[in-house]
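See below for the structure under consideration.
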Number of protein chains: 2
Amino acid sequence: MSLRNILLGMLSSPASGYDLKRQFNQGLRHFWAAELAQIYPTLQKLEKDGLLAASMEPPAQGPPRKVYRRKGTGSKAVREWLKEGPQFRRDRISYLAQVYFLDELPNAADAKTFMLELRAGIESQLTELRTIEQGWKSDDPRYPDEAFYPHLTLQLGLTRLAATLKWCDESIARMEQRN
Amino acid sequence: MSLRNILLGMLSSPASGYDLKRQFNQGLRHFWAAELAQIYPTLQKLEKDGLLAASMEPPAQGPPRKVYRRKGTGSKAVREWLKEGPQFRRDRISYLAQVYFLDELPNAADAKTFMLELRAGIESQLTELRTIEQGWKSDDPRYPDEAFYPHLTLQLGLTRLAATLKWCDESIARMEQRN
DNA sequence: CCAACCATGTAACTGGTTACATGATTTA
DNA sequence: TAAATCATGTAACCAGTTACATGGTTGG
């Protein structure tokens, strides 16, 4: 259900499915990912439901694009989604499930290897996020003021990853004390 | 795929589907939730695949239970899952998707209401987690030493929620400055 | 001309949720 | 005896992923 709302939100200005995928990669992928194979059918459904209008546009260059425009009903749907209040869907954290069972590894060194790999993964996510922020800064000098709420989401991403990294270090230290 | 591995991990001692659901509610629900409608068929599949053995056991009291036992192949599968290294599946955060589009609300007061509700939700998750920790403490006085890794997962939950709460407060403050 | 990229789509499958069905046992 | 809880399951559906198919356009 959420992808529908997200696409509606992104369509405050007209865009094609391919455009939207690019936007996902730039601004939303740190808290939401979507594949084209899911985006295209969802847009078709939104058009059928009367929330979007579609038109084929042969552009100045490149292959023909199907551009979607948000209708009044579409904008209303976004506002209703936001007025429902925050949605707390229990998110699953795969690697935490693994940490939970780490005692199943008979060799303590294997558990430590796991945690070091985890730390490395989190750290690379952190640098990735900082790269996104740099991109935003260079795209528009008015950032972060011109993108107030997107900036907030990025801040939470950075904050959480920093906290997770700290947790990794503390956990590894405790594992060493445990021996 | 992960639920299979989690169930295998939980079955270091024999249990029924219903037991496992209870364990989910106690120890894992802060990073993974599962319904009985998913647990039962998954256990059946694991039995069919030869990783678990099942036996009907008419207990001293209560209705008959189907108890599953992990076989050697099952334990091996858990170790292999852990040796693959940490799985980073991009987690989706619904409420962040909503925050991203909060400018769609024409009335700034509505956006603030949203953030306050978000803060309240996070806070209640935090108290819920602290309640779980208290439960663990009273269940076993040796905690957290006897449950080292489960304790670590709880710590991350607490750390992240505290960080998120701080972010909420800072964000609300920025929104007020923005006017 | 070929590789890389732009652009749209369908089909099959997996994982997970919601709703429903059934019945035994325990407790108030 | 009625309600709550224990206990196991199936069916229909929804969301999301992976793999595949197709073809236009641009740049080396």
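Give the relative contact order (percent, whole number) for segment B:94-178; include only Cα pairs under 8 Å separated by 6+ residues.
Computed value for segment B:94-178: 39 percent relative contact order.
How many percent of the alpha carbon pairs in segment A:1-98 exceed a separation of 15 Å?
Cα-Cα pairs of segment A:1-98 separated by over 15 Å account for 64 percent.
Which ³J(HN,Hα) values in Hz, rounded to whole numbers, follow from the phi angles of segment A:13-20 under the Karplus curve 6.51 cos²θ - 1.76 cosθ + 1.60, where θ = phi - 60° and Gly and Pro get x?
Values per residue, Gly and Pro as x: 10, x, 7, 9, x, 5, 4, 5 Hz.
In segment B:61-169, which chymotrypsin sites (Phe, Trp or Tyr not before Pro) are in a loop and have at most 13 other Cβ atoms within 10 Å, using DSSP for the loop call? Mind dumping the intermediate values first?
Numbers: sites: B:Tyr68, B:Trp81, B:Phe88, B:Tyr95, B:Tyr100, B:Phe101, B:Phe114, B:Trp136, B:Phe148, B:Trp167; in loops: B:Phe88, B:Phe101.
Passing sites in segment B:61-169 do not exist.
Based on DSSP H runs of at least 4 residues, each adding -39500 (n - 2.57), what is the mean residue ellipticity at 222 nm of the protein assembly as shown after dividing by all its residues, to the nearest 500 deg cm²/dmol?
On the way: 14 runs with 222 residues, N = 358.
For the protein assembly as shown, the value works out to -20500 deg cm²/dmol.
Between 0 and 90 degrees, rounded to the nearest ten: what's the tilt of helix A:36-48 against the longest Cα principal axis of chain A?
Roughly 40 degrees between the two axes.
Any idea how far the Cα center of segment A:46-121 sits from the one of segment B:106-159, in Å?
Centre-to-centre distance over Cα atoms comes out at 23 Å.
Can you pull out the buried accessible area for chains B and A, both sides counted, probe 1.4 Å, rounded to the nearest 100 Å²? List each step's numbers first, then the result.
Working: alone 12520 and 12520 Å², together 18180 Å².
Heavy-atom accessible area buried at this interface is about 6900 Å².
Kindly state, to the nearest 0.05, the FRET efficiency for A:Gln177 paired with A:Arg22, given R0 = 45 Å and r defined as their beta-carbon distance.
0.45
For the protein assembly as shown, what is one quarter of the convex hull surface built on the Cα atoms, given in nm²?
Value for the protein assembly as shown: 22.4 nm².
Under a point spin-label approximation (7 Å from Cα along Cα-to-Cβ), what is the A:Lys137-B:Ala33 distance to one decimal in nm?
3.8
Ignoring GluC sites (Glu not before Pro) that are buried or in helix or strand per DSSP, and keeping those with at most 15 other beta carbon atoms within 10 Å, what is the longest stretch of chain B between them?
Of all site-free stretches, the longest is B:85-179.
Taking chain A on its own, what percent of its Cα-Cα pair distances exceed 30 Å?
Cα-Cα pairs of chain A separated by over 30 Å account for 37 percent.
Percent relative contact order of chain A, based on C-alpha pairs within less than 8 angstrom and at least six residues apart?
20
Amide H to amide H, which residues 5 or more places from B:Ala15 or on other chains are under 5 Å from it, using H placed in the peptide plane?
Sorted by chain and number, the residues that satisfy this are B:Tyr68.
In the structure shown, do any of A:Lys21/A:Lys83; A:Lys137/B:Lys112; A:Lys83/B:Lys45; A:Lys45/B:Lys48; B:Lys45/B:Lys83; B:Lys21/B:Lys137 have a Cα-Cα gap over 32 Å, and if so which?
On the way: A:Lys21/A:Lys83 26 Å; A:Lys137/B:Lys112 26 Å; A:Lys83/B:Lys45 42 Å; A:Lys45/B:Lys48 39 Å; B:Lys45/B:Lys83 23 Å; B:Lys21/B:Lys137 21 Å.
With Cα atoms farther than 32 Å apart: A:Lys83/B:Lys45; A:Lys45/B:Lys48.
Roughly speaking, to the nearest percent, how much of segment B:1-144's 1.4 Å accessible area is carbon and sulfur?
Details: 3780 of 7550 Å².
Percent of accessible area from carbon and sulfur atoms in segment B:1-144: 50.
According to a simple spin-label model (label point 7 Å from Cα along Cα-to-Cβ), what is the distance in nm between B:Tyr40 and A:Leu165?
Those two pseudo-labels are separated by 4.7 nm.
At a threshold of 8 angstrom on Cα-Cα distance, excluding pairs fewer than six apart, so keeping six or more, what relative contact order does segment B:2-83 reach in percent?
Relative contact order comes out at 37 percent.
Given R₀ = 35 Å, what would the calculated FRET efficiency be for B:Phe88 paired with B:Gln61, taking r from the Cβ atoms and rounding to 0.05?
According to the calculation, E is roughly 0.20.
The values are calculated or read from the model by the stated rules, or taken from the named source; none is laboratory data. Computed from a predicted structure; not experimentally measured. Positions of Cβ are generated from backbone atoms using ideal geometry, with glycine treated the same way; all protein chains shown enter the neighbour counts. Side chains included, ligands, DNA and RNA excluded: accessible areas come from the protein's heavy atoms. Shrake-Rupley method; radii C 1.70, N 1.55, O 1.52, S 1.80 Å.
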